[in-house]
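The structure appears below as structure tokens.
The values are calculated or read from the model by the stated rules, or taken from the named source; none is laboratory data. Quick caveat, the model's predicted, so the values are computed rather than measured. Cβ coordinates were reconstructed from backbone atoms using ideal geometry, including for glycine residues, and neighbour counts include every protein chain displayed.
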Number of protein chains: 2
Amino acid sequence: MPTHTAMILSYTEENYLKALLKLSFENGTEEAGTNELAALLSVKPATVSDMLKKLKEKELVEYKKYGKITLTVIGKKYAIDVLRKHRLWETFLYEKLDFSWDEVHEVAEQLEHIHSEKLVDKLDKFLAYPQFDPHGDPIPNKKGEMKVHYKKTLADVAVGTSCKMVAVKDNSSLFLQYVVKLGLGINNKIHIVSKQEYDALLHIKVNGVISSVSQKFAENIFVV
Amino acid sequence: MPTHTAMILSYTEENYLKALLKLSFENGTEEAGTNELAALLSVKPATVSDMLKKLKEKELVEYKKYGKITLTVIGKKYAIDVLRKHRLWETFLYEKLDFSWDEVHEVAEQLEHIHSEKLVDKLDKFLAYPQFDPHGDPIPNKKGEMKVHYKKTLADVAVGTSCKMVAVKDNSSLFLQYVVKLGLGINNKIHIVSKQEYDALLHIKVNGVISSVSQKFAENIFVV
DNA sequence: TAATAAAGTTAGGCTAACCTAACAAATTAA
DNA sequence: TTAATTTGTTAGGTTAGCCTAACTTTATTA
């Protein structure tokens with residue numbers, strides 16, 4: 001059935017693959033479940049079951065009934081391509097069109113589905129082959145290769161030491177606006193002043209200013 | 001039913017409105033018929049009948065059974081907005097990404113459906129508020145205003161006189177590549193050397209080179 | 001003006017992507 | 001190790017946008 005000589009996937013199919021890729025990053029393992037996929041895509045599990053049959057037909061995912069879902073090599077290729085487009089567009093919006101950090105994601109969600117290899121290549125060139133998007137996430141190159149994902153978050157840093165913010169995990173507008181409000185940004189140095197035993201509330205110092213942030217917040221800031 | 005405080009139209013609905021606007025330009029009148037609309041959209045007349053009911057519900061078009069179709073003021077506003085986006089994206093692709101003249105249309109057909117007012121505004125600014133796209137067609141401004149459409153084509157020019165090419169009517173790749181091959185482009189001077197009585201074949205001189213073009217071709221070159 | 005042709009509509013069907021409700025399998029806890 | 005909970009599937013239904021086939025209205029032309 002699948003010709004493999006470049007099928008054109010629907011908007012929806014691309015989103016399923018992208019979501020699976022995201023889950024495989026987050027879970028560490030290459031696997032994902034129906035429910036978490038449904039939650040991420042804001043659809044019902046039954047809908048996911050339907051779609052998985054189709055994606056399996058097309059040899060984009062692999063799974064057996066009641067088992068875990070994994071992307072096939074082909075499926076992953078398509079997913080990475082969408083991710084590449086998403087991050088290139090984010091970079092374009094941020095660097096060329098003067099969008100703010102927290103505005104780019106939503107629009108890139110639409111732009112990532114434009115089908116034109118030439119467009120992606122030319123955009124990549126226009127942006128001078130960027131390796132990271134405005135959120136600090138790596139941009140896959142044409143071959144699908146990219147720098148490794150960060151794992152250490154602000155919540156993992158020891159009290160009294162410092163670290164450098166390199167990316168964010170949560171791309172929601174709400175979160176990003178909060179980040180900005182705290183005076184934080186990519187490559188900023190963060191010093192952990194103290195940590196509350198009870199609820200892991202952190203006191204951090206950024207550019208000389210001390211703020212308090214919750215554990216939840218800290219888990220969404222990648223650092224080195 | 002229609003809230004009028006900015007409904008979000010589907011990809012398909014936008015294409016119907018855009019097609020109606022195009023037909024109203026081409027026909028001179030503000031009217032269009034079911035069949036020509038179907039032909040332009042590559043769907044069957046029955047499909048158009050269905051969709052027209054929906055667009056009428058939403059107060060985007062006006063028509064009565066077996067009557068002519070016209071855009072409402074609101075419908076036209078949406079159509080012009082799509083046209084604006086289409087031509088801005090074409091300009092972007094041509095000027096910033098180095099696409100060739102005949103490649104921009106197809107990709108812009110996709111990009112024109114991205115929903116983000118901010119994106120359009122920023123793109124417009126980035127391109128320095130262009131008034132014409134790479135094909136010589138006027139780009140509506142934010143208010144929907146644009147320079148008048150050209151009406152005179154190369155086929156209307158008298159033998160022995162000259163004219164200046166200002167735009168093309170056909171945006172197909174095939175046509176545009178042919179235009180390029182003839183050494184023609186926007187703002188080029190064309191001299192009509194002679195015209196065959198029998199089939200209206202034209203002999204034209206462009207940059208000192210004489211070529212023969214059919215009537216069909218001549219009708220797709222706008223001139224002043 | 002009556003016959004034919006063209007244009008447009010309706011009815012009934014299809015597919016993709018969603019849904020709810022009912023069920024089955026797998027996991028966790030008692 | 002059985003019971004309860006979570007997770008996943010199936011069955012049947014909806015809507016948007018398309019189709020074909022049959023029909024009706026309007027326009028053309030003999």
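Below, the figures for the structure above:
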{"item": "Residue list for the stretch A:131-157, filter: over 13 Å from A:Val223 (Cα atoms) and surrounded by 18 or more Cβ atoms within 10 Å (Cβ to Cβ)", "result": "A:Asp133, A:Pro134, A:Pro138, A:Ile139, A:Pro140"}
{"item": "Qualifying position, being touching a Phe, Trp or Tyr at 6+ places or on another chain (Cβ under 9 Å), away from DNA strand C (no atom under 16 Å from the Cβ) and either part of a helix (DSSP H, G or I) or touching a residue at least 24 places away in the same chain (Cβ under 8 Å) (or both), among B:Leu9, B:Leu83", "result": "B:Leu9"}
{"item": "Criterion (surrounded by fewer than 19 Cβ atoms within 10 Å (Cβ to Cβ), at pLDDT below 95 and within 14 Å of chain A (Cβ to nearest Cβ)) met by exactly one of B:Ser116, B:Ser100, B:Ser162", "result": "B:Ser100"}
{"item": "Selected residue (criterion: nearest to B:Ala128 (Cα to Cα)) from residues of the stretch B:59-80 that are basic (Lys, Arg) and within 16 Å of DNA strand C (Cβ to nearest atom)", "result": "B:Lys68"}
{"item": "Residue check, A:Tyr178 aromatic (Phe, Trp, Tyr) and more than 22 Å from A:Leu93 (Cβ to Cβ)", "result": "no"}
{"item": "Tally, over the stretch B:14-64, of residues that are assigned to a helix (DSSP H, G or I) and closer than 19 Å to B:Gly144 by Cα", "result": "13"}
{"item": "Meets criteria (without any contact (Cβ under 8 Å) to a residue 40 or more places away in the chain and surrounded by fewer than 20 Cβ atoms within 10 Å (Cβ to Cβ)) for A:Gln177", "result": "no"}
{"item": "B:Pro134 vs. criteria modelled with pLDDT of 95 or more and away from chain A (no Cβ under 14 Å)", "result": "no"}
{"item": "Criterion (among the hydroxyl-bearing types (Ser, Thr, Tyr) and more than 12 Å from DNA strand D (Cβ to nearest atom)) met by exactly one of A:Tyr63, A:Tyr16", "result": "A:Tyr16"}
{"item": "Identity of the residue in the stretch B:28-60, loosely packed, with under 13 Cβ neighbours inside 10 Å and within 18 Å of the chain's Cα centre (by Cα), that ends up nearest to B:Gln110 (Cα to Cα)", "result": "B:Ser42"}
{"item": "A:Val73 vs. criteria under 17 Å from A:Pro140 (Cβ atoms) and loosely packed, with under 15 Cβ neighbours inside 10 Å", "result": "yes"}
{"item": "So B:Tyr94, is it within 14 Å of another protein chain (Cβ to nearest Cβ), of a type in the set (Phe, Trp, Tyr) and assigned to a helix (DSSP H, G or I)", "result": "yes"}
